[in-house]
Amino acid sequence: MPLTHTRDLFAKAIKGKYAIGAFNVNNMELLQAIVEACEEEKAPLILQISRGAREYANPVYLKKLIEAAISVTNIPIAVHLDHGDTFDLCKQCVDEGFTSVMIDGSNLPFDKNVELTKRVVDYAHKHNAVVEAELGQLVGAQFDSGDKGGAYSKSGVYTDPDEAVQFVKLTGADSLAVAIGNSHGAYKFKGSQHLDLDRLLAIKNALKDAGLGDYPLVLHGASSVPQELVDDINKYGGKLGSDTSGVPESDLEVARRNGVAKINIDTDLRLAMTAGIRKALAEKPEQFDPRKYLGPARARVKELVRHKLRRVVCCAGHAFD
Ligand code: G3H
Ligand code: 13P
Ligand code: ZN
């Protein structure tokens, strides 16, 4: 099956009142776990690749791995650039055949974000790809904040509903990532904080009232940081802080019912992989065959993804809608 467009996936998801899981991939085991879980759950899939993933795995390897995945399954798969930070990177991905790119201009002033996003939209639309943009700033690392640059926001800037309308109209972006208290990583909230779901509803309604219909919103930083994964990592030699926290699944359910069509998950995959590797190595310290610890880790990621598809994103059974 050829690559699918997120535009088609979102239209069906909004109609069917579910969301699509967007899972980050960096290597073969993660990809296999995600694709097998989606295949078994008959779920549509967005595979997303960050700039860091391209640098780690080499874009050609990732492309060939995804081609392999597509050839062994018939579920709909879209390939998306996660947190593209320049026009050139977005262009490169569109030219390579990605069906969707994110241009993340959220660290720029409004006008500059509009300008950059519109430039990417104009190019992508001419080449049969769609664009996710972002308005507002997530707390923490917005994209690779290492020595290659990137943005880091200490306080975060929540998305303003009226600005969101203006932004979508000016840029023609196909979906919008919002900042409603969400953040990346394994340390999202202090105490019992929640997403600002009232703001999410206000954004959704403002877009609708402005004639933009059921416009697809995107939730970054949607990992729930399951305690059992954190516990296993620490039990088998890891050192995660005692203040790990993620988005409660109940918040994600409300988000899904209020306009969020794409739910981004990376951290939970990393935790599952790490928990699986640590446990396998700790239980059989004599092992040195990577298959003996990457295999169980891959199984753990698959189990996690199946749970997300069934209970969180709720797109299980919707591959062929
Ligand atoms: O939102 C960021 C994603 O989790 C990707 O992270 O840039 O470390 O690959 P990365
Ligand atoms: P998490 O860190 O919560 O998994 O978010 C991932 C993400 O937003 C990728 O763009
Ligand atoms: Zn993100």
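Of the residues that sit in segment 32-54 and are over 10 Å from residue 76 (Cα atoms) and touching a Cys at 6+ places or on another chain (Cβ under 9 Å), which one is surrounded by the fewest Cβ atoms within 10 Å (Cβ to Cβ)?
Within segment 32-54, the match that is surrounded by the fewest Cβ atoms within 10 Å (Cβ to Cβ) is 54.
Keeping to segment 159-201, report how many residues are assigned to a loop (DSSP other than H, G, I, E, B) and more than 16 Å from ligand 3 (Cβ to nearest atom). Give the derivation first.
The first filter runs over segment 159-201 and keeps only residues assigned to a loop (DSSP other than H, G, I, E, B), leaving 159-160, 172-174, 179-182, 184-186, 188-196.
Next, from what is left, pick out any that are more than 16 Å from ligand 3 (Cβ to nearest atom): 160, 172, 174, 189-194, 196.
Selection size over segment 159-201: 10.
Taking helices (runs of 4 or more DSSP H) that do not extend beyond segment 35-123, which have at least 1 residues that are under 24 Å from residue 177 (Cβ atoms) and either within 16 Å of the chain's Cα centre (by Cα) or hydroxyl-bearing (Ser, Thr, Tyr) (or both)?
By residue number, 51-57.
When both residues are 6+ apart or on different chains and their Cβ atoms are under 6 Å apart, which pairs have a first residue that lies in segment 261-276 and is free of Cβ contacts under 8 Å to residues at least 60 places away in the same chain, and a second that is within 13 Å of ligand 3 (Cβ to nearest atom)?
268/223
Do we have any residue at all in segment 16-31 that's touching a Cys at 6+ places or on another chain (Cβ under 9 Å), farther than 19 Å from residue 304 by Cβ, charged (D, E, K, R) and in contact (Cβ under 8 Å) with a residue 40 or more places away in the chain?
Yes, segment 16-31 contains at least one residue that is touching a Cys at 6+ places or on another chain (Cβ under 9 Å), farther than 19 Å from residue 304 by Cβ, charged (D, E, K, R) and in contact (Cβ under 8 Å) with a residue 40 or more places away in the chain.
Among the residues of segment 150-157, is there at least one that is at pLDDT below 95 and β-branched (Val, Ile, Thr)?
Step one: of segment 150-157, the residues at pLDDT below 95 are 150-157.
Now narrow it down to the ones that are β-branched (Val, Ile, Thr): 157.
Looking for residues that are at pLDDT below 95 and β-branched (Val, Ile, Thr), one finds at least one in segment 150-157, hence yes.
Evaluate segment 171-185: report whether one residue or more is surrounded by fewer than 18 Cβ atoms within 10 Å (Cβ to Cβ), more than 16 Å from ligand 2 (Cβ to nearest atom) and either closer than 16 Å to residue 136 by Cβ or among the polar types (S, T, N, Q) (or both).
No; the residues of segment 171-185 include none that is surrounded by fewer than 18 Cβ atoms within 10 Å (Cβ to Cβ), more than 16 Å from ligand 2 (Cβ to nearest atom) and either closer than 16 Å to residue 136 by Cβ or among the polar types (S, T, N, Q) (or both).
Every residue in segment 211-233 that is part of a helix (DSSP H, G or I), more than 16 Å from ligand 2 (Cβ to nearest atom) and either out of contact with any Lys or Arg (no Cβ under 7 Å at 6 or more places or on another chain) or among the hydroxyl-bearing types (Ser, Thr, Tyr) (or both), please. Can you show your working first?
Here is the first cut: in segment 211-233, the ones part of a helix (DSSP H, G or I) are 211-212, 227-233.
Restricting the remaining residues to those that are more than 16 Å from ligand 2 (Cβ to nearest atom) gives 211-212, 228, 231-232.
Passing the criteria: 211, 212, 228, 231.
Kindly indicate which of 294, 207, 269 is surrounded by 14 or more Cβ atoms within 10 Å (Cβ to Cβ), under 20 Å from the mean Cα position of the chain (by Cα), modelled with pLDDT of 95 or more and not acidic (Asp, Glu).
269
Test residue 252 against the stated conditions and say whether it is part of a helix (DSSP H, G or I) and either more than 15 Å from ligand 2 (Cβ to nearest atom) or among the acidic types (Asp, Glu) (or both).
Answer is no for this residue.
The values are calculated or read from the model by the stated rules, or taken from the named source; none is laboratory data. Quick caveat, the model's predicted, so the values are computed rather than measured. Neighbour counts run over all protein chains shown; Cβ positions are idealised from the backbone, glycine included.
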